[in-house]
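Below is one structure, written out as structure tokens; the observations come after it.
The values are calculated or read from the model by the stated rules, or taken from the named source; none is laboratory data. Just so it is clear, the structure is predicted and the values come from calculations on it, not from any experiment. Every residue, glycine among them, receives a Cβ derived from its backbone with ideal geometry; neighbour counts consider all protein chains shown.
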Amino acid sequence: MKLKFLLYYLFVFALVFILPFASTAQKKINHKKQPKGITYLDQYIMPYLTSFQNTFAGGFSSIDYDSVHNQFYFICDDKGKINPCRFYKARFDINNNKIENFTLTAVDTLRYEDGRIYPKAKAGDGNAPDPEEMRYNPIQNNIIWSNEGERFLGKEKNILQNPSINIADTSGKLLYELPVPEIYKMKPVENGPRRNGVFEGIAFTNNYNTVFISTECPLYNDGEEAGLEKKDYWSRILKYDLATKENTAQYAYPLDAVAQKPKKEGGFMVNGISSILALNEIELLVMERSFSTGYENDLQVKIYLADLRNATDIKGDSSLVLKPALNPVKKKLLFNFSTLKMRIDNLEGISFGPRLKNGNRSLLVISDNNFNPLEITQLILLDSGMK
């Protein structure tokens, strides 16, 4: 995620000056069931630099609910800078629409097939993965997680690490990777993915036989990144058949423009897909997040209903500039976090959770604090409005 690189240096400041003082395990859903109205219920803020089993917990870029074992998965995206690349399991209760008894229960490291731990990120070294989303598959009892890779063009050398979609056992050991199409591989020219803008969202559907993968930002060959002007900006949604491990389709998803002009002229800004969640084979919840410098505690985050029903398959199209999608994905705004009139931090992950007392499915949203003392690990509870 682009934002974490802008803010990571503040973690070092915190350690020196502040710290001393201080899968979705979802059932197949009927196509006719849609959210009738998402409503806010509660939030929980995990303390900064929470210590757990000799690690610092935070940097959660995704959340997923394992209903079989009544636990949640959180992947950490610090690229192993603080502790080895890892993910956490946690439990908490939802009583009277409130989050209670939040407890971390386990931490596991992400590892290669031979059991070696992924290397930590080092200056000039592009070997460390950049984990973004993780989902649990109760049918196969394994996990899938995305790696955004690296694209750094330096004066002395370039660092190019291709993004990946990884299937691992529940201890974090790699089993295999899904094949990544050529247009998603890093290149030293402006063709293919941008740095920190690749595979950000994962969603299972069709009884875990199908998985959708979304890019955060447009590929170079699909046009410019989202800006302040309201015009076409395209992310892609990929569809995979897990039985054949094939990418069977791709769709063009229209991104919103950046919501706020940076307070400082020439400041950083971005809008992209931070997470996705499948309702069925043709409908997804898509969470878009907009950030501009000067609004560090006021991110603009929205949940859309994306309809793939009549969307054009663009799998064979390498450029949406040269060949625009005839029928892009249609989207409908379901929820705007800015209406809550409360602090909205760097929300990155979304998952269904346990059913609420009214029978509706809960939605949980998690923020990535980037291990920055000025940000928070914010767990938000929503009523999905869905049975």
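If you check residue 271 against the conditions, is it in contact with a Ser or Thr (Cβ under 6 Å, 6 or more places away or on another chain), at pLDDT 95 or above and among the polar types (S, T, N, Q)?
Taking the combined requirement at face value, the residue satisfies it.
Looking at (1) within 22 Å of the chain's Cα centre (by Cα); (2) hydroxyl-bearing (Ser, Thr, Tyr); (3) part of a loop (DSSP other than H, G, I, E, B), find the lone condition where residue 318 falls short.
Going through the list (1) within 22 Å of the chain's Cα centre (by Cα); (2) hydroxyl-bearing (Ser, Thr, Tyr); (3) part of a loop (DSSP other than H, G, I, E, B), residue 318 breaks only (1).
I'd like to check which strands (runs of 3 or more DSSP E) are fully inside the stretch 1-93 and have at least 1 residues that are at pLDDT 95 or above and in contact with a Lys or Arg (Cβ under 6 Å, 6 or more places away or on another chain).
Qualifying strands (runs of 3 or more DSSP E): 39-46, 60-66, 71-76.
I'd like the full set of residues that are of a type in the set (Ser, Thr, Tyr) and either buried (at least 24 other Cβ atoms within 10 Å of the Cβ) or in a strand (DSSP E or B) (or both), limited to the stretch 222-278.
Passing the criteria: 235, 240, 248, 251, 253, 274, 275.
List every residue pair whose Cβ atoms sit under 7 Å apart, with the two residues 6 or more apart in sequence or on different chains, where the first one lies in the stretch 243-258 and is on the phi > 0 side of the Ramachandran plot and the second, anywhere, is surrounded by fewer than 21 Cβ atoms within 10 Å (Cβ to Cβ) and modelled with pLDDT of 95 or more.
245/178; 245/179
Among the residues in the stretch 278-301, are any in contact with a Phe, Trp or Tyr (Cβ under 9 Å, 6 or more places away or on another chain) and of a type in the set (Ser, Thr, Tyr)?
Looking through the stretch 278-301, at least one residue is in contact with a Phe, Trp or Tyr (Cβ under 9 Å, 6 or more places away or on another chain) and of a type in the set (Ser, Thr, Tyr).
Pairs under 8 Å by beta carbon, first residue within 8 Å of residue 170 (Cβ to Cβ) in the stretch 132-143, partner modelled with pLDDT under 95 and of a type in the set (Ser, Thr, Tyr), six or more apart or different chains?
Listed pairs, sorted by first residue: 136/23; 136/24; 143/23.
Go through the stretch 147-197 and count every residue that is of a type in the set (Ser, Thr, Tyr) and outside any loop (DSSP other than H, G, I, E, B).
Number of matching residues: 3.
Answer with yes or no whether residue 208 is assigned to a strand (DSSP E or B), out of contact with any helix residue (DSSP H, G or I) (no Cβ under 8 Å at 6 or more places or on another chain) and at pLDDT 95 or above.
In short, no.
Residues of the stretch 283-308 being more than 23 Å from residue 222 (Cα to Cα) and not in a strand (DSSP E or B), which ones?
293, 294, 295, 296, 297, 299
Given (1) under 25 Å from residue 111 (Cβ atoms); (2) part of a loop (DSSP other than H, G, I, E, B); (3) out of contact with any helix residue (DSSP H, G or I) (no Cβ under 8 Å at 6 or more places or on another chain), identify the lone condition not met by residue 134.
(2)
What number of residues within the stretch 279-314 are polar (S, T, N, Q) and either surrounded by 19 or more Cβ atoms within 10 Å (Cβ to Cβ) or closer than 21 Å to residue 65 by Cα (or both)?
Looking only at that region, the number is 4.
What do you reckon, is residue 367 under 20 Å from the mean Cα position of the chain (by Cα), more than 17 Å from residue 278 (Cβ to Cβ) and surrounded by 23 or more Cβ atoms within 10 Å (Cβ to Cβ)?
yes
Within the stretch 296-320, track down each residue that is farther than 18 Å from residue 38 by Cα and among the basic types (Lys, Arg).
Result: 309, 315.
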